[in-house]
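Notes follow the structure.
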Amino acid sequence: MGAIRIDRIELRQYSLPFEPPFHAAWDPAPRRSLDATVVRIVAGEYEGVGGGGPLPGFAGNEHLFAGEDVRDIERHVAVLENLQFLHGKMWPIEVALWDLIAKIDGLPLWRRLGGAEGRVRAYASTGSRGTVDERIERACRIAGEGYPAIKLRMYEDDVGAEIAFVRAVREAVGDEVELMVDANQGWRLGGDTRRPWSLETAEAVARELNELGVYWLEEPLGRHDYAGLAELRMRSGLRIAGGEGACEAVELEECLRHGSLDVYQQDVAWNVGVLRTVELAPKIAAAGAMYTPHTWGNGLVLLANLHVAAAVSNAPYVEFPYDPPEFSLERRDYVLPAPLRADADGYVQLPEGPGLGVELDWEALEELRTGG
Ligand SMILES: [Mg+2]
């Protein structure tokens, strides 16, 4: 097959207002909307889409792709890596290119990337603040819906109270449901200048969580504390997860070199892209670790990550952001024609159509469009 050349790249901005707002555990400010950038790439008769957060530095660089062969992905990723050094994350562009590549080959993306089965098992990833009682009640409700695993957040400064919260959830849901805990110490937003936990605090928390049968503790230290994370793994015996905050694949290579993590969570739409994730997956498996992505964001972020996870994840569960009513499926997936759903056993079936397998309803989205 001859070259299929990129005609144009369009970026469109959408925003879904949130009333009531979403009080994310890792964000001091309540979120009053969910913003999405949708990338649309046209190449001859094909159209590819990808989505994520803002791509403020991409505008003006479309010419670097126009006229290039869609399938020259190594070259495109090298260009995106050059751009991100100065202009920030660019990965929704790569997702749209993979959507195109898989469509050209007539395969769902998960199959194009070597997957045998287009389904993954979800862990419900909670994210809302609330009183301890509210958070326990929400976790029980979610467990009752059939999710096999739930991720809880620790965000209050009083870690003793947060451990008591996890213990109360364990007692309420029993041992059948796996629990993960995200400490969100790896990176911070804007004006949040708190320092990450010390190794001593992280170790004390990890030991308690290990006794509660927690499946993993996520981001217990700063993201560049490679040696500290490795030490924590050794001392606590609990699985340690991280990697969502890596800005480049080389940071994950550094984690591998140090033995920093049991669970690698790079996000294909947010931090290192599809190609680098596919390249890293066998190295992670060879190290005896797991890859299962961070997927928090809008529905296109989740969808792209689920495709790649179905192809190359070696972990039993994949993150499925879900914490109604503040972070409902309908809010999360508003850019998709219909929300992605888990079945009664927690499985999410991916589309069988080519590429990402969704046709966006551009007309319906128009009323939420804010730019581009
Ligand atoms: Mg996380």
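Sequentially through region 207-218, phi angles give Karplus couplings (6.51, -1.76, 1.60; θ = phi - 60°) of 5, 5, 5, 4, 5, 8, x, 5, 6, 8, 10, 9 Hz, Gly and Pro residues having no value and appearing as x.
Report the extension gain between Cys247 and Asp133 in nm, rounded to one decimal, defined as 0.36 nm multiplied by the number of residues separating them, less their alpha carbon distance. Walk me through the numbers on the way to the answer.
Working: separation 114, 0.36 × 114 = 41.04 nm, distance 3.61 nm.
Here the answer is 37.4 nm.
Relative to the Cα centre, the charge distribution of region 8-106, modelled as +1 at Lys and Arg Cβ and -1 at Asp and Glu Cβ, gives a dipole magnitude of about 340 debye. For region 12-19, backbone phi angles converted through the Karplus equation (6.51, -1.76, 1.60; θ = phi - 60°) give residue-by-residue couplings of 10, 10, 10, 8, 9, x, 10, 9 Hz, Gly and Pro being listed as x.
What does the charge dipole of the chain about its Cα centre add up to, to the nearest 20 debye, if the Cβ of each Lys and Arg holds +1 and the Cβ of each Asp and Glu holds -1?
Using Cβ point charges on Lys, Arg, Asp and Glu, the chain gives about 340 debye.
Per-atom-type breakdown for region 39-155 gives carbon and sulfur 51% of the accessible area (1.4 Å probe, protein chains only). The label point for Val159 and the one for Tyr347, both projected 7 Å from the Cα toward the Cβ, are 3.9 nm apart. Averaging Cα coordinates gives a centre for region 119-198 and one for region 308-362; these two points are 21 Å apart.
Suppose R0 equals 56 Å; then what is the FRET efficiency for Glu10 and Ser198 from their Cβ-Cβ distance, rounded to the nearest 0.05? Efficiency, rounded to the nearest 0.05: 0.75.
For region 305-320, 3J(HN,Hα) computed residue by residue from phi via the Karplus equation (6.51, -1.76, 1.60; θ = phi - 60°) reads 5, 5, 4, 5, 4, 4, 7, 10, 6, 10, 9, x, 9, 10, 5, 10 Hz, glycine and proline entered as x. For region 134-217, GluC sites (Glu not before Pro) are listed when DSSP marks them as loop and at most 15 other Cβ atoms sit within 10 Å of their Cβ; the list is Glu145, Glu156, Glu176.
Solvent-accessible surface of the chain, averaged per residue with a 1.4 angstrom probe and all protein chains in place: 40 square angstrom.
In percent, what relative contact order does the chain have, based on Cα pairs under 8 Å that are 6 or more apart in sequence?
On the way: 784 pairs, mean separation 80.4, N = 372.
The value is 22 percent.
Reducing region 10-86 and region 266-286 to their Cα centroids gives an inter-centroid distance of 18 Å.
Treating r as the C-beta distance of Glu74 and His258 and R0 as 45 Å, the FRET efficiency rounds to 0.95. Here the Kirkwood formula, the inverse mean of 1/r across different C-alpha pairs, assigns region 8-106 a hydrodynamic radius of 14.7 Å. Run through the DSSP bridge list for the chain and note the antiparallel percent, rounded to the nearest 5. Here the share of antiparallel DSSP bridges comes out near 55 percent.
Approximating the spin labels as points 7 Å out from Cα along Cα→Cβ, the Ala168-to-Leu86 distance works out to 5.2 nm. The H on the amide N of Val120, modeled in the peptide plane, is under 5 Å from the matching H of Val348, Leu350, each at least 5 residues off or on a different chain. Using a Gaussian network model of the chain in which every pair of alpha carbons under 10 angstrom is joined by a spring, one finds that among Leu302, Leu360, Leu80 the greatest mean-square fluctuation is at Leu360.
Of the trypsin sites (Lys or Arg not before Pro) found in region 176-281, those that fall in a DSSP loop while having at most 11 other beta-carbon atoms within 10 Å are Arg194.
Distance between the 7 Å Cα→Cβ label points at Leu189 and Ala116: 4.1 nm.
Only sites in a loop by DSSP and with at most 11 other Cβ atoms within 10 Å count here; which GluC sites (Glu not before Pro) in region 1-105 make the cut? The partial results should precede the final answer.
Numbers: sites: Glu10, Glu45, Glu47, Glu62, Glu68, Glu74, Glu81, Glu94; in loops: Glu45, Glu68.
In loop regions of region 1-105 (DSSP not H, G, I, E or B), the sparsely surrounded GluC sites (Glu not before Pro) are Glu45.
The values are calculated or read from the model by the stated rules, or taken from the named source; none is laboratory data. Note that the coordinates shown come from a computational prediction; the quantities given were computed from them, not determined experimentally. Cβ coordinates were reconstructed from backbone atoms using ideal geometry, including for glycine residues, and neighbour counts include every protein chain displayed. Each accessible area value is taken on the protein alone, full model and side chains, heavy atoms only, with ligands, DNA and RNA left out. Shrake-Rupley method; radii C 1.70, N 1.55, O 1.52, S 1.80 Å.
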